[in-house]
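This report concerns only the one structure given below.
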2 protein chains.
Amino acid sequence: MKNPPALEQLIDSLRCLPGVGPKSAQRMAYYLLQRDRNGASALSAALETALEVVDHCKLCNTFSEQPICPLCAADNRDKNLLCVVEMPTDLLMLENTHAFMGMYFVLMGRLSPLDGIGPKEIHLDKLIKRAQDGLVNEVILATNYTVEGEATAHYISELLKTRGIKTSRIARGMPMGGEIEYVDSGTLAQAMMERRNV
Amino acid sequence: MKNPPALEQLIDSLRCLPGVGPKSAQRMAYYLLQRDRNGASALSAALETALEVVDHCKLCNTFSEQPICPLCAADNRDKNLLCVVEMPTDLLMLENTHAFMGMYFVLMGRLSPLDGIGPKEIHLDKLIKRAQDGLVNEVILATNYTVEGEATAHYISELLKTRGIKTSRIARGMPMGGEIEYVDSGTLAQAMMERRNV
């Protein structure tokens, strides 16, 4: 005794979503067919449209519907600064700060050998080429301060240094409004080591 | 600064899945577009096919690709017994026990006024009609032993009793291999109250 084939197929297909196992996939399939057929139909269409029109920007590698994304195409940005981030969300967060007016490069991931993500998967060749366009004179590494983000930043900085490109890393330290009593000791130790003159 | 429109649309559509909020939807969309375009395409197709071919069995209300599902159409089942379950998974679990050879009715849910699920949403009119087909002489209520499942069973039993249909409820008690020391007190109390002569 099994579910009908088309339903089994749907359950199976839902498992391609990250973090969705057999039980959740079944729950999702039942829910969609029972309570939200409009939503399911919209999802199917949205997937198809996105697969068709969303590609990567040729310059910064973020998701874009145009060959060159609006940000790279804008003429009011500082072409001398190139900020490297892991994901498009990081780019959006940095843009929201209005603290950076340079260009970006989005890795679409981080070095993670255990997940099979090496230098090729995060397009480091494309980044090296991008950083040598003759305009960029500083690459700012804004990968996460996680183990993998740190490793990625270190790897990239070594690659760039051998090519004589100036490289920097975003600062680490106390967060805004942070209280010394409650901040974790790793952050506090770094804030102490990387203290600056005032 | 935002994601491209087709990507925003996809993120929005993924939120129709149960248990998926804005952050997971974004993660899923990035993942699909970046690492599993084939999976996304298969998912889109599977959704479309399932919406097209999967409907409800006219007799038992479970998901089926035929108007009458294979189980209802089989001629080796006991048409005098009708077992009411909440979800198709429950039907599959009961079938796997090989302990029941009667017919089923799947509510596709349970009474849950807080979620807006009343008697109409779980097709009780269809159930009453089904139970009065002239063949059924006992309705077995196999809804879950949760608060909502219990309420549903009680509600249905009242409906059926007024129509003179014999109704029973699956037994409650110690699980197979259960040790009195470790079983919860609610279960133990019920097992004591519903003890039977040996």
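Here are the numbers for this structure:
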| quantity | calculated |
| --- | --- |
| Any chance B:E150 is acidic (D, E) and touching an Asp or Glu at 6+ places or on another chain (Cβ under 8 Å) | no |
| Any hit, segment B:76-83, residues being of a type outside the set (D, E, K, R), under 25 Å from B:I170 (Cβ atoms), facing chain A (nearest Cβ under 7 Å) and buried (at least 21 other Cβ atoms within 10 Å of the Cβ) | no |
| Selection within segment A:8-20 - within 15 Å of A:S44 (Cβ to Cβ) and touching a Ser or Thr at 6+ places or on another chain (Cβ under 9 Å) | A:Q9, A:L10, A:S13, A:L14, A:L17 |
| Residue match in segment A:4-11 (condition: touching a residue at least 12 places away in the same chain (Cβ under 8 Å), over 15 Å from B:D12 (Cβ atoms) and facing chain B (nearest Cβ under 7 Å)) | yes |
| Among (1) at pLDDT 90 or above; (2) within 16 Å of A:C16 (Cα to Cα) - the single one B:P5 does not satisfy | (2) |
| Segment B:114-139, residues that are within 22 Å of B:L94 (Cα to Cα) and under 15 Å from the mean Cα position of the chain (by Cα) | B:I122, B:H123, B:L124, B:L127 |
| A:F100, sole failed condition from (1) in contact with a strand residue (DSSP E or B) (Cβ under 9 Å, 6 or more places away or on another chain); (2) facing chain B (nearest Cβ under 9 Å); (3) modelled with pLDDT under 90 | (2) |
| Hits in segment B:59-71 - residues which are free of Cβ contacts under 8 Å to residues at least 40 places away in the same chain, more than 9 Å from every other protein chain (Cβ to nearest Cβ) and either among the aliphatic types (A, V, I, L, M) or surrounded by 17 or more Cβ atoms within 10 Å (Cβ to Cβ) (or both) | B:I68 |
| Test for A:V198: is it closer than 26 Å to A:L71 by Cα and part of a loop (DSSP other than H, G, I, E, B) | no |
| Unmet requirement for A:A74, which otherwise passes all of (1) out of contact with any strand residue (DSSP E or B) (no Cβ under 7 Å at 6 or more places or on another chain); (2) under 19 Å from A:H123 (Cβ atoms); (3) without any contact (Cβ under 8 Å) to a residue 40 or more places away in the chain | (2) |
| Condition check for B:L92: buried (at least 20 other Cβ atoms within 10 Å of the Cβ) and either assigned by TED's automatic domain parsing to the domain that holds B:A142 or in contact (Cβ under 8 Å) with a residue 12 or more places away in the chain (or both) | no |
| Every residue from segment B:27-58 that is among the polar types (S, T, N, Q) and either in a loop (DSSP other than H, G, I, E, B) or more than 7 Å from chain A (Cβ to nearest Cβ) (or both) | B:N38 |
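The values are calculated or read from the model by the stated rules, or taken from the named source; none is laboratory data. This one's a predicted model, so the numbers in the text were calculated from it and none came from an experiment. Cβ atoms come from the backbone with ideal geometry, glycine included; neighbour counts cover every protein chain shown.
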